[in-house]
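Where a number appears in this text, it was derived from the coordinates with a stated rule and is not lab data. Not measured: the values here are computed from a predicted model. When we count neighbours, we look across all protein chains shown, and the Cβ atoms used for this are built from the backbone with ideal geometry, even at glycine.
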Amino acid sequence: MEHVVERGDTVVRIAQRYGTFSSNVVTATGELPNPYRLKYGQTLYVRPIGDTKPTTHTFVPGETVARIAAQHGIPSRELLAANPGVDFNSLIDGQTLLLPVDAASRTIVSMMNL
């Protein structure tokens, strides 16, 4: 679920608003540099309680970020955000990547700053 941060929002309040845990806002979103200092207008993607396990993709040589993203129906930037610290120029055969959405339900579990 998408949420645009408003004045006075906190991770806890956002989680309560969507009926989930604050940990689903922080860990489900990947990088949240400082969960105590949200920025007005920042876009968060919140994972609901019933969708706590992200899906994965196993890399096969020859694949690209664009191809993997398209295969799972997600934007490339969300695939990148769901895998902080992964060097997409040096992937190896069999490497597991986290997908930012459950392909079956299309529930977004990644975070990005606009």
Using a 7 Å offset from the Cα along the Cα-to-Cβ direction at both residue 16 and residue 4, what is the distance between the two label points in nm, to one decimal?
2.3
Starting from the Cα of residue 96, step 7 Å along the direction of its Cβ; do the same at residue 71; then give the gap between the two resulting points in nm.
1.6
